[in-house]
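Peer 1: The structure that follows is given in the form of structure tokens.
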Amino acid sequence: MKSPREYGLPEKYERWRPVQVAALDMLSRRSKRTTGICAPTGSGKSGIVIAHAIESGKPTCIVTATKGLQDQYLLDGKDAGMVDIRGRANYKCNMRPDDPEWTCEDGFASGCPYKGSVNCDCSQAEIAAASSNLVVTNYSKWYNSKKFGLGWDHIQQVVFDEGDEAPAALADAMQVFLYHREIERDLELDFPGPPENQSFAIWKAWSYVAKAKAEEATNIAKARITGVANPKPSWVKHFNHMKNLMRRLAILVTACPEDWVVDEKPEGWQFDPVRPARYAEGALLFRTPNIILVSATLRPKTMNMLGMSKDHFEFKEFDSDFDPARCPIYYVPTMRVDSRAENLDMLWMRIDQVVAKRQDRKGLIDTVSYARRDAITSTSRFAHRMIINERGEPTVEALTQYREAGPGAILVSPVFGRGYDFPKKDCEWIIMCKIPFEPPSKIVKAREALDREYRSYQAMQKMVQTFGRGMRSKDDKCECMIFDDHMQWFLPRYGHLAPKSFHRIFKQVDILPQPPERLM
Ligand code: SF4
């Protein structure tokens, strides 16, 4: 077996670890189209994926859930020849160097004369991706490039990193949102009124008319920027917007009314397929012959949610080699935390007890909702140490403030449970205020009516992911806690939706344990 360095992996991959050897062996003998690997945090998943992609000889695209993860992959894979590609809106266009807002997306729409030349980052990235054997991208670029045929036909293998998010990415790709402004102002069209607007069949008929209007608006917008030396940026943005609106309406035109749910939101109307799995091939998998999903929380159910039956995939789970004493998850019976609880004082008291004994270290409270975030900050004795992000605002500022803060700082938010890592002293304890069930929106209820595990799967994934944010390597340390008494039925009933590594570190205790020694 070649060493990690012989695959071009960086120094941190000094030698293969047992989990990596076993996973690479399994991948080399895979016999089905789809393989799922549940590999715990710290097992060096990127090394496994990159070495397998090279060893298999198949042109491979690695699809990540966030641009941050894409960056991390690129750091590990660039010496192995990996190329990175993102949506055009991420590349600044040299055609208008003075306009910081002008991206390749705008330049492309206004008839870029340099398409395909090597004179700009975007073209270079697209050319490289179209011929490379090792590409890293994100879900949205993967979806758009495959769907609209941007020269990715050579890809024979796709790896969905953080594969537990693939069902949500598929559902997002199929979701259509129509805003009041773009329909009522731009297309000068009314939405169907009540009570008809509760029926998807009415919306489907309406969408034919709306799509024709959007097509007309797109053609007018295009004519306004075609052949013009320097079209106004707002004209170009309007053209891109209308083109995008036309694509969204085209989804509704072809949708099957009995399989979709329509829901009114303050900004417009949202449309979702009840069974996104029906669209998996056309919106996510694209007939790619080899599919691999990798994640620390992957379950066989994840593959079922992509429309794959158990005969059509292989699944292997690897155990964590972290010391359970360094990353326990405690459930301390306290109270049922849900909308029926009129008074959450017991919960707030318990949280303050935890914080009181851990003022010498940093921690994270996942509040699951902004309402609960506000309740904590208005009742806790330690509110002065709490760092929050404003709802709807970028998270960067709160995150930077927290990372730069000294011992005792507490990040209190419902949004840091995924996609952010808090290694070592960045976070030595995590509290989840409750089991993070999705609010029962119309679409959530419709999906749950077909699949009684739907909401529990989402909640379990979020809970396990959140508790994994503070324990990133063997020499890290992080205590996790939950005080929601719904755990008493949730875990016995839905424990199979959590990886084995979760059960190994989960403990119910009557009294909150003393904090361990802090990391030095
Ligand atoms: S390809 Fe054209 S539109 Fe895109 S960044 Fe380059 S010059 Fe601009």
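Peer 1: Can you spot a residue in the stretch 413-427 that is in the same structural domain as residue 333 (by TED's automatic domain parsing), among the polar types (S, T, N, Q) and farther than 29 Å from residue 498 by Cα?
Peer 2: Taking every residue of the stretch 413-427 in turn, none turns out to be in the same structural domain as residue 333 (by TED's automatic domain parsing), among the polar types (S, T, N, Q) and farther than 29 Å from residue 498 by Cα.
Peer 1: Please pick out the residue among 54, 48, 37 that is modelled with pLDDT of 90 or more, within 14 Å of residue 136 (Cβ to Cβ), in the same structural domain as residue 299 (by TED's automatic domain parsing) and of a type in the set (A, V, I, L, M, F, W, C).
Peer 2: Result: 54 is the single residue among 54, 48, 37 that is modelled with pLDDT of 90 or more, within 14 Å of residue 136 (Cβ to Cβ), in the same structural domain as residue 299 (by TED's automatic domain parsing) and of a type in the set (A, V, I, L, M, F, W, C).
Peer 1: Let me ask something else. May I ask you to list the residues in the stretch 309-330 that are within 15 Å of residue 483 (Cα to Cα) and either surrounded by fewer than 15 Cβ atoms within 10 Å (Cβ to Cβ) or touching a Leu at 6+ places or on another chain (Cβ under 8 Å) (or both)?
Peer 2: The one that is within 15 Å of residue 483 (Cα to Cα) and either surrounded by fewer than 15 Cβ atoms within 10 Å (Cβ to Cβ) or touching a Leu at 6+ places or on another chain (Cβ under 8 Å) (or both): 330.
Peer 1: Separate question: Kindly establish whether residue 433 is buried (at least 23 other Cβ atoms within 10 Å of the Cβ) and touching a Ser or Thr at 6+ places or on another chain (Cβ under 8 Å).
Peer 2: Yes, satisfied.
Peer 1: For residues that are of a type outside the set (Ser, Thr, Tyr) and under 24 Å from residue 237 (Cβ atoms), scanning just the stretch 126-141, find the one that is nearest to the ligand (Cβ to nearest atom).
Peer 2: My answer is 126.
Peer 1: Just name the residue that is farthest from the ligand (Cβ to nearest atom) out of those in the stretch 94-107 that are buried (at least 16 other Cβ atoms within 10 Å of the Cβ) and over 14 Å from residue 225 (Cβ atoms).
Peer 2: 103
Peer 1: Within the stretch 198-234, work out how many residues are surrounded by 18 or more Cβ atoms within 10 Å (Cβ to Cβ), in contact (Cβ under 8 Å) with a residue 60 or more places away in the chain and within 32 Å of the chain's Cα centre (by Cα).
Peer 2: Residues flagged as surrounded by 18 or more Cβ atoms within 10 Å (Cβ to Cβ), in contact (Cβ under 8 Å) with a residue 60 or more places away in the chain and within 32 Å of the chain's Cα centre (by Cα) within the stretch 198-234 amount to 2.
Peer 1: How about the stretch 428-446: which of its residues are among the basic types (Lys, Arg) and closer than 20 Å to residue 498 by Cα?
Peer 2: 434
Peer 1: Filter the stretch 145-168 down to the residues that are touching a Leu at 6+ places or on another chain (Cβ under 7 Å) and either under 14 Å from residue 130 (Cα atoms) or aliphatic (A, V, I, L, M) (or both) and list them by number.
Peer 2: 166
Peer 1: When the residues of the stretch 111-125 are narrowed to those that are within 8 Å of the ligand (Cβ to nearest atom) and either aromatic (Phe, Trp, Tyr) or crowded, with 16+ Cβ neighbours inside 10 Å (or both), which ends up nearest to residue 151 (Cα to Cα)?
Peer 2: Residue satisfying both the conditions and the ranking: 123.
Peer 1: Here's another thing I want to ask about it. Residues being surrounded by fewer than 20 Cβ atoms within 10 Å (Cβ to Cβ) and within 30 Å of residue 302 (Cβ to Cβ): count how many of those fall in the stretch 175-189.
Peer 2: 2
Peer 1: Cβ contacts < 6 Å: first residue within 26 Å of residue 241 (Cα to Cα), restricted to the stretch 158-180; second residue of a type in the set (Val, Ile, Thr) and not in a strand (DSSP E or B), any location; separation 6+ or different chain. Result?
Peer 2: Note: pairs meeting the criteria are 176/251.
The values are calculated or read from the model by the stated rules, or taken from the named source; none is laboratory data. None of the values given here were measured: they were computed from a predicted structure. Every residue, glycine as well, gets a Cβ built from its backbone with ideal geometry; the counts of neighbours run over all protein chains shown.
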